[in-house]
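To start, the structure under review is shown below, and the notes come after it.
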Amino acid sequence: MMFLAWSALSFTPAQQTQKLPRQDSTDAVKWLSWEEAAALSQKEKKKILLNVYTDWCGWCKRMDKATFEEPNIARYINENFYPVKFDAEQRAELVYKGKPYKYVKDGQRGYHELAAELLKGRLSFPTVVFLDENLDVIQSIVGYKTPRQFERIATYFAGGHYKKTPWSVYQSTYKPVLVSDQ
């Protein structure tokens, strides 16, 4: 019960982050805002999949189309994670684990401090960050991933395999079930 109160306080934005289009198809990832993921995680514990992107990133758009719009991948994400789409250049202030994070102007562009922290200063896009049920970073995965590559990664984290099986062993023995040969 105490964690629920902590969770609400630790993942509360100072203002609305962004408006995302609501997707009603069962074959689409139902992207959430930080606020929605935090509220849902208080009711039912689930890992969070954070898709960190920028509007100008071509590889981000390609991954959205090829990977996140693949029906079996989208269903798997919706069933196993609270998926959050996070613009690394958004200007809204966020509070994460009691600390405020803001947009930082840097030349013609800028970056959000939370993106920089979650990506450990390596602002490369796209990046998918997996957070555990306590909102702690498990791992960030940099770069474009095909549906087949992403399936292996998502199942590794969703199933908790990262706790007991080295990635090299998991990936060498994993048999795809969501995505056919490409």
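Below, the figures for the structure above:
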read-out: Members of segment 41-65 that are assigned to a helix (DSSP H, G or I) and either modelled with pLDDT of 95 or more or in contact with an Asp or Glu (Cβ under 6 Å, 6 or more places away or on another chain) (or both); value: GLY58, TRP59, CYS60, LYS61, ARG62, MET63, ASP64, LYS65
read-out: Residue check for LYS105: modelled with pLDDT under 95, farther than 16 Å from TRP34 by Cβ and not in a loop (DSSP other than H, G, I, E, B); value: yes
read-out: The one condition in (1) assigned to a helix (DSSP H, G or I); (2) closer than 21 Å to GLU36 by Cβ that PHE86 fails to fulfil; value: (1)
read-out: TYR170 vs. criteria closer than 15 Å to TYR76 by Cβ and free of Cβ contacts under 8 Å to residues at least 24 places away in the same chain; value: no
read-out: Residues that are more than 16 Å from the chain's Cα centre (by Cα) and surrounded by fewer than 18 Cβ atoms within 10 Å (Cβ to Cβ), drawn from segment 66-75; value: ALA66, PRO71, ASN72
read-out: Subset of segment 76-94 [surrounded by fewer than 16 Cβ atoms within 10 Å (Cβ to Cβ) and more than 21 Å from LEU114 (Cα to Cα)]; value: GLU79
read-out: One residue from GLY110, GLY121 being farther than 21 Å from LYS30 by Cα and either assigned to a loop (DSSP other than H, G, I, E, B) or in contact (Cβ under 8 Å) with a residue 24 or more places away in the chain (or both); value: GLY121
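The values are calculated or read from the model by the stated rules, or taken from the named source; none is laboratory data. Given the structure is predicted, the values throughout are model-derived calculations rather than measurements. Using ideal geometry, Cβ is built from the backbone for each residue, glycine included, and neighbour counts are taken over all protein chains shown.
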